[in-house]
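Any read-out appearing in this document is the output of simple, stated calculations on the displayed coordinates, not a laboratory observation. Treat the numbers as computed from the prediction; the structure is a model and nothing was measured. Please note: Cβ atoms are built from the backbone with ideal geometry, for glycine as well, and neighbour counts cover all protein chains shown.
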Amino acid sequence: MSPLLIGGLVAIGVLILISIGFISHSLERARLERARQTAELNAKVKHCGAVAAQLPGQFMSVELKMLLLTIERHFLTELTRLDRKNERAARQLEQVNDQLSLGEAAVDNPPVAVSNEAQAKEIRNLLENLHKLISQAHQDGLLDKSAMQHWSVIIRQHLMTITLDMFQSVARQALQQGKPRVAKLQYERAIAYLQKQNNPAYADRVAQFKQLHAEAEQAAIRAEQANAGDSSELGAGLQALEADDEAWKKKAVYDD
């Protein structure tokens, strides 16, 4: 066998090994990319379902429920295309299609009265996830720019509502518990939050919270005056007890 033929065979072998390595690397990269996309789509479907099921009733409408179903159908369609063996996603897709075929979705989300900051934070997270879903729907061509802006405005209004409801609820509880200073602080936070929006349309709400703030401040002053009076009476009583004690001690000495 000539050296030239041997060299040619070696070169061919090297090329084959390089090709195999390249193909293997490409297949692995494609597999990882598919796994990443599948995980992202699963997360989006999960967020979509959570928002649709858990968003308080005062923020949910038939129109929004239909939009969420449309977005969920898009994600599920992509998911079943990537993972054809995913029977669960296929069943979900069938159920979503059945609901959309009715032309109107049932809204049974109960309204929620915010009573603490943790609850308000949970609802804000749902609204923020809703905004992300709508932004993604716009990127995917499900919503045009005007529709996305429409829903963005509504979500911002909901975020403001839940924040102000939280301040009012915490302040109301504080007043009921005899803590007007805490209530005053909550009203101050509400005023600062509204003023930060820099929107003349909120002037009436600012005035409303300023009035509540003034009432809480007066309540705090009355509470402090009452406490001061109680402290004075307590001090006088202690002084009287001390005087009686001194008199008793002197009497005991003289009697001896």
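Quick notes
- The charge dipole of the stretch 141-195, taken about the Cα centre with unit charges on the Cβ atoms of Lys, Arg (+1) and Asp, Glu (-1), comes to about 280 debye, rounded to the nearest 20.
- Loop-resident sites, the stretch 43-92, for trypsin sites (Lys or Arg not before Pro), counting at most 12 other Cβ within 10 Å (DSSP): R84, K85
- Cα pair distances exceeding 19 angstrom across the stretch 91-178, given as percent: 59 percent
- Spatial extent of the stretch 177-229: Rg and Dmax, with the Cα atoms as the point set, Å: 13.1, 44
- Taking other residues whose beta carbon is less than 13 angstrom from the beta carbon of R81, and scoring Lys, Arg as +1 and Asp, Glu as -1, yields +2.
- Unsatisfied cross-links (Cα-Cα over 20 Å) in the set K184/K210; K132/K196; K85/K132: K132/K196; K85/K132
- Formal net charge of residues neighbouring A174 (Cβ-Cβ distance under 11 Å; K, R +1; D, E -1): +4
- Peptide ranges 110-121, 159-170 listed from the most packed, as the mean C-beta count within 10 angstrom indicates: 159-170, 110-121
- Share of alpha-carbon pairs per 10 Å distance bin for the stretch 39-187, given as whole %: 11, 35, 29, 15, 8, 3, 0
- Full extension of the chain between K145 and Q211 yields a length gain of 19.8 nm, computed as 0.36 nm times the residue separation minus the alpha carbon distance.
- Sorted on the mean count of surrounding Cβ atoms within 10 Å across their residues, most packed first, peptides 51-60, 96-105 read 51-60, 96-105.
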